[in-house]
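Engineer: Below is one structure. I have some questions about it.
Please treat every number below as a calculation from the coordinates, not as lab data. Quantities reported herein were computed from a predicted structural model and do not represent experimental measurements. Using ideal geometry, Cβ is built from the backbone for each residue, glycine included, and neighbour counts are taken over all protein chains shown.
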Amino acid sequence: MRENRKKENRKHTGQRVLSIIGLLVVLVVAVGLVYLRWERPPEMVVAEADGLEKEIMAVEEDAVSAEEETVATPVPTIEPTPSPEPMPDGTPFTLSNQAAQLQRKDGVYTILFVGVDQISDSTDTMVVCRFDTKNHKVDCVSIPRDTLINVAWDVRKLNSVYSASLNSGGTGIDSLSMHIKWLTGFDIDCYAVVDLLTFQLVINEMGGVWFDVPFDMYYWDMGQELYIDMKAGYQLLDGYHCMCLCRFREDYSNGDLGRIEMQQKFLKAAAEQFLTLGNIPHAGKVVKMLAEGVQTNLNAGNIAWFLRQALQCRSRDIHFYTMPCTTRTIRGYSYAVMEPYEWLNMINDVLNPYETPINMGMMNIVYYNGNSIAGTWDVQDRGYYDESPWGELFNW
């Protein structure tokens, strides 16, 4: 009798265990299905016919410079093919706007990451990325903060666009996204404007980043509320010290381009660290912090989807570049002036989300052809670029 009872008890116990396991499996599947319905990719931007001309008019009508100057609307012109040194493959510039004919590559997204200075609202970090979610490859191109843009106000740097938009009642990112489109020839699908505090909080939540600081870094700027005191060596950096590393630009022989190189090394190290782990620590909290603390057109489900896609990348498939440029002083200001042929090649090699190549007619840029200013559209206020020793002396 006792043996029979023991057998019955074991039988019932086994059935209860199987029932519990079955229930857990059902719950896991249900949660997974709910998560997959919540996690989803963002929408891609589809190019529209005549979009460039309409967008130029809409944005430039609202733009207000720091000096409250009126910005003239660029008028598309078809000028003779520019004649600096030809591109390596000998392809000349074309000046047709054929955005309406372009087809998107499957699963390829463009993302703009922006780091904003909390004191001046200037965008000191701007990175355009192409994320191929089919092949899990990421290409990132840093756009220097001092990039010369085709506007008519005094300081014609790309990092002034965001704050100028805010000062004139815009969102900041509206005007910056348009200028990024003029520089690259395509619309950005997604953007994320990260302030310094959110950057630090997210790094702390992820457990910090191990990084080899190459030399002692010391800098103190009360106006920027910035105090940097870091020793060289391999160490675990918390959010604040990661921010210090990325903002430091005092001892680089190539100025701000040195800061960009350091930022890229940091991002590469962080990516390798988390890809090795195979996860993002406290991913749920990180998604929530990004969704709530970042100016973005992504929702929490989109962010979670991108994070899952990113964890499927290999570190060797993540690449960083910098816009080809030359430093030039104009009216007393230091500018990063793009090298147009090299830049167009880079766009088509590592950024273009379309099946067909980007051409210069889809871009609104200014550059130097020898010592003369040139542009793919009308150059606004050409007199600003006239070389004059008196103008340089008095900053006219």
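Engineer: Roughly how compact is segment 247-396, stated as its Cα Rg over 2.2 N^0.38 Å to two decimals?
Structural biologist: Values: Rg = 20.6 Å, N = 150, 2.2 N^0.38 = 14.8 Å.
Scaled against compact globular proteins, the figure is 1.39.
Engineer: Moving on. Distances over 13 Å make up what percent of all Cα-Cα pairs in segment 230-301? All intermediate terms of the calculation are to be shown ahead of the outcome.
Structural biologist: Values: 1909 of 2556 pairs.
Result: 75 percent of Cα pairs exceed 13 Å.
Engineer: Additional query: Over segment 195-275, what portion of Cα pair distances is larger than 20 Å, expressed as a whole percent? Working shown, then result.
Structural biologist: Working: 910 of 3240 pairs.
Result: 28 percent of Cα pairs exceed 20 Å.
Engineer: Please give the residues of segment 152-183, grouped as numeric ranges, whose backbone N is less than 16 Å from a label point set 7 Å along the Cα-to-Cβ vector of residue 226.
Structural biologist: 159-160
Engineer: Label-point separation (nm) for residue 171 and residue 279, each offset 7 Å from Cα along Cα-to-Cβ?
Structural biologist: 3.5 nm
Engineer: In Å, the Kirkwood hydrodynamic radius of segment 189-329 over pairs of distinct alpha carbons? It would help to have the intermediate numbers written out before the result.
Structural biologist: Details: mean 1/r = 0.0606 Å⁻¹.
Answer for segment 189-329: a Kirkwood hydrodynamic radius of 16.5 Å.
Engineer: For the cross-link pairs 157/181; 137/265; 137/181; 134/288; 231/268; 105/137, which exceed 24 Å when the distance is taken from alpha carbon to alpha carbon? Working shown, then result.
Structural biologist: Numbers: 157/181 15 Å; 137/265 17 Å; 137/181 22 Å; 134/288 26 Å; 231/268 21 Å; 105/137 13 Å.
Long pairs (Cα-Cα over 24 Å): 134/288.
Engineer: Here is a follow-up. Enter the per residue convex hull volume of segment 158-222, computed from alpha-carbon coordinates, in Å³ rounded to the nearest integer.
Structural biologist: With only Cα atoms used, segment 158-222 gives 181 Å³ per residue.
Engineer: May I pose another question? Which three extents, in angstrom, do the Cα atoms of segment 259-339 have along their principal axes, listed largest first?
Structural biologist: The Cα atoms of segment 259-339 stretch 49, 30, 17 Å along the principal axes, largest first.
Engineer: Sticking with this one: Report the convex hull volume per residue for segment 135-256, counting only C-alpha atoms, in Å³.
Structural biologist: On the way: hull volume 20.7 nm³, N = 122.
With only Cα atoms used, segment 135-256 gives 170 Å³ per residue.
Engineer: Further question on the same structure: What chymotrypsin sites (Phe, Trp or Tyr not before Pro) does segment 168-274 have in DSSP loop regions with at most 15 other beta carbons within 10 Å?
Structural biologist: Working: sites: 182, 186, 191, 199, 210, 211, 215, 218, 219, 220, 227, 234, 240, 248, 252, 266, 274; in loops: 186, 215, 248, 252.
Those satisfying the criteria are 215, 252.
Engineer: Follow-up question, since we're still on this one. Taking the convex hull of the Cα atoms, report for segment 115-157 its projected area averaged over all directions, in nm².
Structural biologist: Details: hull surface 16.7 nm².
Answer in nm², one decimal: 4.2.
Engineer: Here is a follow-up. Label points 7 Å out from Cα along the Cβ direction at residue 251 and residue 292: separation in nm?
Structural biologist: So the two model labels end up 3.9 nm from each other.
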